[in-house]
1. Using alpha carbons only, how many angstrom separate the centre of segment 72-92 from the centre of segment 134-173?
2. GluC sites (Glu not before Pro), restricted to segment 128-237: which are DSSP loop and have at most 11 other Cβ atoms within 10 Å?
3. Around Ser214, with a cut-off of 14 angstrom between Cβ atoms, what is the net charge of the other residues, counting Lys and Arg +1 and Asp and Glu -1?
4. Using modelled backbone amide H atoms (1.01 Å from N, in-plane), which distant-in-sequence or interchain residues come within less than 5 Å of Ala216's amide H?
5. By how many nm would the segment from Tyr233 to Glu144 lengthen if fully extended, with 0.36 nm per residue of separation less the alpha-carbon distance?
6. How much of the accessible area of segment 175-241, in percent, comes from carbon and sulfur atoms when a 1.4 Å probe is used?
7. Is the C-alpha gyration tensor of segment 59-104 telling us rounded, prolate or oblate? Criteria: a/c under 1.5 is rounded; beyond that, a/b larger than b/c is prolate, otherwise oblate.
8. Exceeding 31 Å between C-alpha atoms, which entries from my cross-link table qualify? They are Lys95/Lys215; Lys95/Lys122; Lys95/Lys133; Lys95/Lys157.
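The values are calculated or read from the model by the stated rules, or taken from the named source; none is laboratory data. In this text, all values refer to a predicted model and were calculated from it rather than measured experimentally. Cβ: placed from backbone, ideal geometry, glycine included. Neighbour counts: every protein chain shown. To get the accessible areas, we keep the full protein, side chains included, count just its heavy atoms, and leave off ligands, DNA and RNA. Shrake-Rupley method; radii C 1.70, N 1.55, O 1.52, S 1.80 Å.
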Amino acid sequence: MARLEGLIKMKGQIGDLTFFKTRDGSYQVRMKGGVSAERIATDPRFQRTRENGAEFGRAASASKKLRDQLRDLFEQNVDNRISQRLSSRFSAVVKADSLNERGERRVLAENLPMLNGLECNKTASLTSIFYGKLQYAYDRASGEGTLATGQFSPRNKIAMLQGATHVRFTLALQEFDADSEDQPIVMESSPYIDVSLMAEQQVALLAELIADPSKAVIVLVGIGYFQEVNNAYYPLANGLYNALTFAEVDVP
């Protein structure tokens with residue numbers, strides 16, 4: 001490694017040379033280098049690197065697949081960090097595989113409940129918007145998912161948001177298998193509910209999925225804000241304050 005002497009002090013990169021300042025204040029230069037991809041792929045000393053890379057790839061692939069399948073639902077209900085959080089959860093799912101050896105661990109249905117509680121929007125959660133109690137369930141035998149609010153007064157039980165006139169509840173059921181491409185999803189949404197109403201309202205949603213009994217089913221619950229203009233409803237603030245939660249994962 002070379003040390004720069006004289007009045008010229010440089011930081012940055014020129015061609016294959018990298019100029020930098022050390023902690024002791026001296027300026028040094030080094031050649032651009034690194035381990036080749038071929039060596040990482042073949043050298044026994046990089047076995048752990050290859051194993052970690054393979055498992056990270058499976059987690060990232062499963063995360064992307066689920067995001068693609070939920071694209072319509074995600075459009076107005078997620079923040080810009082959801083891909084990182086979802087990939088992190090899937091990495092934990094892969095590491096929980098106790099059947100396969102390290103490097104061969106996979107996304108198994110039995111470990112998908114580790115997605116439970118994942119918030120798609122860090123700005124908002126179900127409990128920060130709706131102050132009542134949401135009840136949701138999935139019946140594998142019938143393929144029916146339900147969401148119920150019980151009786152509630154919108155003005156007292158829904159967080160007010162400037163410009164919002166209405167909210168809508170959503171229930172989604174997503175069959176998921178990391179190794180399958182074609183997986184069904186069903187969604188049901190409530191009528192638009194006027195947030196200024198004092199009179200008690202009630203939401204009861206039913207979604208029915210013809211699911212493969214060998215696959216996991218993800219239950220997502222969401223609440224979105226809207227503004228009514230001339231009898232049309234528009235999502236508020238591009239979904240910045242909407243909530244969407246991985247509420248439950250039912251596994252075989």
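1. Centre-to-centre (Cα) distance: 21 Å.
2. Glu181
3. Details: positive: Arg140, Lys215; negative: Glu110, Glu175, Asp177, Asp179, Asp212, Asp250.
Around Ser214, the charge tally is -4.
4. Amide H neighbours of Ala216: Phe176.
5. Separation in residues times 0.36 nm, less the Cα-Cα distance, equals 29.2 nm.
6. Carbon-and-sulfur percentage of accessible area, whole number: 49.
7. prolate
8. Over 31 Å apart, Cα to Cα: Lys95/Lys133; Lys95/Lys157.
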